[in-house]
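Structure first, commentary second.
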Amino acid sequence: MSAQYILALDQGTTSSRSVIVDHNGAIVTKSQQDFEQLFPKAGWVEHNPNAIWESQLHTLKEVLSPYKDAIAAIGITN
């Protein structure tokens with residue numbers, strides 16, 4: 001498979017996503033996983049950095065396997 005897809009890693013406030021798109025911007029495959037929100041005090045929100053990392057890694061592994069030799073570029077957002 002030639003390099004023909006773009007891998008996007010998106011780190012949101014409540015979940016992590018990995019998306020592979022083709023050269024027309026059409027979604028080929030995607031994965032999303034929520035991670036725990038921690039509320040130590042009223043009005044406060046915290047996240048465990050390891051939970052963020054693990055959820056992003058999980059989504060990446062889910063989408064990348066069949067396309068790993070066909071990724072031309074990677075975009076990262078948060």
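Name every residue in region 38-71 that is open to solvent by less than 70 Å² (accessible area, probe 1.4 Å), more than 13 Å from G12 (Cα to Cα) and either hydrophobic (A, V, I, L, M, F, W, C) or touching a Pro at 6+ places or on another chain (Cβ under 7 Å) (or both), in order of residue number.
If the condition is that a residue be open to solvent by less than 70 Å² (accessible area, probe 1.4 Å), more than 13 Å from G12 (Cα to Cα) and either hydrophobic (A, V, I, L, M, F, W, C) or touching a Pro at 6+ places or on another chain (Cβ under 7 Å) (or both), then L38, L57, L60, V63, L64, A70, I71 are the ones that fit.
Only residues in region 58-77 that are under 20 Å from N24 (Cβ atoms) count as the first member; pair them with residues that are of a type in the set (D, E, K, R), Cβ under 6 angstrom, at least 6 apart or cross-chain, and list the lot.
Filtered contacts from region 58-77: T77/D10.
Return yes when S31 is over 17 Å from I6 (Cβ atoms), in contact (Cβ under 8 Å) with a residue 24 or more places away in the chain, open to solvent by less than 50 Å² (accessible area, probe 1.4 Å) and not aliphatic (A, V, I, L, M) and no when it is not. If you could, list the steps in order and put the result at the bottom.
Numbers: over 17 Å from I6 (Cβ atoms): no; in contact (Cβ under 8 Å) with a residue 24 or more places away in the chain: yes; open to solvent by less than 50 Å² (accessible area, probe 1.4 Å): yes; not aliphatic (A, V, I, L, M): yes.
Criteria not met by S31.
Here's the yes/no breakdown for (1) modelled with pLDDT under 95; (2) part of a strand (DSSP E or B); (3) over 8 Å from the mean Cα position of the chain (by Cα); (4) aromatic (F, W, Y):
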residue	(1), (2), (3), (4)
S2	yes, no, yes, no
L7	no, yes, yes, no
T13	yes, no, yes, no
N24	yes, no, yes, no
S31	no, yes, no, no
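The values are calculated or read from the model by the stated rules, or taken from the named source; none is laboratory data. Keep in mind the model is a prediction, meaning the values are calculated, not measured. FYI the Cβ positions are ideal-geometry reconstructions off the backbone, even for glycines, and counts take in every protein chain you see. To get the accessible areas, we keep the full protein, side chains included, count just its heavy atoms, and leave off ligands, DNA and RNA. Shrake-Rupley method; radii C 1.70, N 1.55, O 1.52, S 1.80 Å.
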